[in-house]
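K.L.:
One structure follows; several queries about it will come next.
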Amino acid sequence: MAMRTHWGYAATAVALLLTGCAGAPESDSTTGKAAALTKEQVGQTLPDGEVMTGWKQSFKPTAIEMNELYRSQACPIKGNAGCENSRFFGAATFRRENPFASVTFQVVAYDSEQAAQDAYDVLWDGYYGNQAGQKAKPLELGPIGDEHDARLGTSGFNGEPGAVSQTRVGTTLLWTMESAAHKGDIDEDSVRDLATMLARRSQQAQNGNEPSATLDG
């Protein structure tokens with residue numbers, strides 16, 4: 001499988017929208033079997049408060065069947081391009097007090113690996129890659145997933161830092177979107193750790209296991 005390193009931050013109203021809706025040894029690898037996830041597996045892929053050491057859950061992990069409303073959130077470009085053959089959408093939000101930061105995790109599950117692969121560049125080039133704010137710079141994530149991009153920059157009016165990662169793991173596209181109040185409160189290691197954890201959890205789910213990867217490793 002090809003590995004890419006490209007690079008974004010995206011503000012999202014996902015939490016508010018979602019509020020209205022109601023085995024075998026596991027591997028830490030972020031590449032492996034590709035399998036279409038169920039709604040339940042998407043919910044399990046999203047981290048919860050128990051696995052996010054140092055962070056407090058501000059919006060619990062929620063997975064829903066993809067529909068017109070959520071296509072407009074996950075794929076906010078003309079015709080909701082990139083959401084073709086998507087089945088489920090999930091998100092969760094956390095905050096850290098010292099230093100203050102927030103992070104939103106987002107998952108789109110497709111019906112095949114090819115569908116996720118086809119959507120990758122459409123969504124990164126068409127939206128997410130432009131959301132890291134001013135003077136965003138590419139960020140190297142290392143060997144994560146089948147494809148990945150990340151950017152670290154300033155996303156607020158006063159130069160507040162922001163970062164985004166987009167990763168494809170098999171049949172899923174994954175995002176981590178961070179924001180903070182002061183320069184230096186988000187760093188490369190934080191972005192990399194969050195993206196790696198989410199990628200591991202997606203791969204564990206596709207392997208048929210209950211996701212167990214934590215922020216600590």
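K.L.:
Could you say which residue among 53, 93 is touching a Phe, Trp or Tyr at 6+ places or on another chain (Cβ under 6 Å) and farther than 24 Å from residue 33 by Cβ?
P.N.:
Result: 93 is the single residue among 53, 93 that is touching a Phe, Trp or Tyr at 6+ places or on another chain (Cβ under 6 Å) and farther than 24 Å from residue 33 by Cβ.
K.L.:
Among the strands (runs of 3 or more DSSP E) lying completely within the range 86-151, list those that include at least 2 residues that are aliphatic (A, V, I, L, M) and under 21 Å from residue 53 (Cβ atoms).
P.N.:
86-97, 100-110
K.L.:
Just for the range 152-168: of the residues that are assigned to a loop (DSSP other than H, G, I, E, B) and not acidic (Asp, Glu), which one is nearest to residue 32 (Cα to Cα)?
P.N.:
155
K.L.:
While we're here: Could you grab me the full set of residues in the range 142-186 that are farther than 30 Å from residue 204 by Cα and either among the polar types (S, T, N, Q) or at pLDDT 95 or above (or both)?
P.N.:
Answer for the range 142-186, where residues must be farther than 30 Å from residue 204 by Cα and either among the polar types (S, T, N, Q) or at pLDDT 95 or above (or both): 154, 155, 158.
K.L.:
If you go through the range 175-217 one residue at a time, how many are under 11 Å from residue 29 (Cα atoms) and of a type in the set (Gly, Ala, Ser)?
P.N.:
Residues meeting the conditions: 3.
K.L.:
Can you name the residue in the range 33-83 that is acidic (Asp, Glu) and in a loop (DSSP other than H, G, I, E, B) and is also nearest to residue 205 (Cα to Cα) among such residues?
P.N.:
48
K.L.:
Which of the following residues is open to solvent by less than 10 Å² (accessible area, probe 1.4 Å) and more than 21 Å from residue 35 (Cβ to Cβ): 81, 101?
P.N.:
Selected residue: 101, the only one of 81, 101 that is open to solvent by less than 10 Å² (accessible area, probe 1.4 Å) and more than 21 Å from residue 35 (Cβ to Cβ).
K.L.:
Continuing with the same structure: List every residue pair whose Cβ atoms sit under 6 Å apart, with the two residues 6 or more apart in sequence or on different chains, where the first one lies in the range 41-70 and is among the hydroxyl-bearing types (Ser, Thr, Tyr) and the second, anywhere, is crowded, with 21+ Cβ neighbours inside 10 Å and outside any strand (DSSP E or B).
P.N.:
Once the first residue is among the hydroxyl-bearing types (Ser, Thr, Tyr) and sits in the range 41-70, its partners that are crowded, with 21+ Cβ neighbours inside 10 Å and outside any strand (DSSP E or B) give 45/201; 45/202; 45/205; 45/211; 62/18.
The values are calculated or read from the model by the stated rules, or taken from the named source; none is laboratory data. Note that the structure is a prediction, hence the values are computed from the model and not measured. Note that we place each Cβ from the backbone using ideal geometry, even for glycine, and neighbour counts take in every protein chain shown. Accessible surface areas use protein heavy atoms only, side chains included; no ligands, DNA or RNA. Shrake-Rupley method; radii C 1.70, N 1.55, O 1.52, S 1.80 Å.
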